[in-house]
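Scroll down for the structure; my scribbles are underneath it.
The values are calculated or read from the model by the stated rules, or taken from the named source; none is laboratory data. Here the structure is a predicted model, which is why all the values come from computation and not from measurement. Cβ coordinates were reconstructed from backbone atoms using ideal geometry, including for glycine residues, and neighbour counts include every protein chain displayed.
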Amino acid sequence: MDYLWSPWRYQYVAGDAKREGCIFCEMKRLDPRRDPERLILYRGQFNLVVLNLYPYTSGHLMVAPYAHVASLVELDHRALVEMMSIGQRVEAALERAYHPDGYNLGMNLGRSAGAGVADHLHLHFLPRWRGDTNFMTVIGETRVLPEDLSMTYRKLAPFFQGEAAESTPGDRK
Ligand SMILES: [Zn+2]
């Protein structure tokens, strides 16, 4: 468990994080027609969903607000609420695409807490499978990508098409 949390101290996207500017703000400004190449799955009113370029398990993605804020207290209430409702949609999509045994959701607020992009809030979703920690421990620092990112994108994208989620956990009784 500890091991899979600690990698979040690494930058969210290794190369990009070192560039000038903020990667999430860049994504916000990007022409949405280019979303597939940038692995952006969904744009809400206040937040976007994007795959992590260095996933720890298949389906590792993030929800980030458009607003360039570093903490929850700075985030507009509507954006905060939408982040969680998109989170519902993310969970439902991951459930249907990957059937994981569980999830870690997490935010690193501040560089000391391990945020790679410390200035711009983002919420990680990490699907988990029984035994994946053992596997990762053995592999150590060597990242083994369980699946190609374009494959992950193709699997998940259909669940984010259309304004109303076809099935969110809240819809199910
Ligand atoms: Zn930003």
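Points worth noting:
- Qualifying residue in the range 126-141 (condition: touching a helix residue (DSSP H, G or I) at 6+ places or on another chain (Cβ under 6 Å), modelled with pLDDT under 95 and closer than 30 Å to GLY21 by Cα): yes
- Residues located in the range 89-127, provided they are away from the ligand (no atom under 16 Å from the Cβ), over 19 Å from LEU53 (Cβ atoms) and assigned to a helix (DSSP H, G or I): ARG89, GLU91, ALA92, GLU95, ARG96, SER112, ALA113
- When GLU95, GLU82, GLU37 are checked against the criterion of being more than 15 Å from the chain's Cα centre (by Cα) and either modelled with pLDDT of 95 or more or not basic (Lys, Arg) (or both), a single residue qualifies: GLU37.
- Looking only at residues in the range 21-34 that are in a loop (DSSP other than H, G, I, E, B) and under 21 Å from GLY110 (Cβ atoms), the one that is modelled with the lowest pLDDT is GLY21.
- Inter-residue pairs, beta-carbon under 8 Å, first under 19 Å from ARG154 (Cα atoms) and acidic (Asp, Glu) and in the range 23-36, second more than 16 Å from the ligand (Cβ to nearest atom) and not in a helix (DSSP H, G or I), 6+ apart: ASP35/LEU41
- Taking the range 37-59 as the range and being in contact (Cβ under 8 Å) with a residue 60 or more places away in the chain and either among the β-branched types (Val, Ile, Thr) or closer than 17 Å to LEU105 by Cβ (or both) as the test, the residues that pass are LEU41, TYR42, VAL49, LEU51, ASN52, PRO55, TYR56, THR57, SER58, GLY59.
- In the range 57-87, of all residues being in a helix (DSSP H, G or I) and of a type in the set (A, V, I, L, M), the one that is nearest to ARG154 (Cα to Cα) corresponds to ILE86.
- Selection over the range 54-78 of residues that are hydrophobic (A, V, I, L, M, F, W, C) and crowded, with 18+ Cβ neighbours inside 10 Å gives a count of 5.
- Residue count for the range 18-48, restricted to those that are in contact with a Lys or Arg (Cβ under 8 Å, 6 or more places away or on another chain) and not hydroxyl-bearing (Ser, Thr, Tyr): 7.
- Verdict on TYR54 being touching a strand residue (DSSP E or B) at 6+ places or on another chain (Cβ under 7 Å) and either closer than 17 Å to LYS155 by Cβ or part of a loop (DSSP other than H, G, I, E, B) (or both): no
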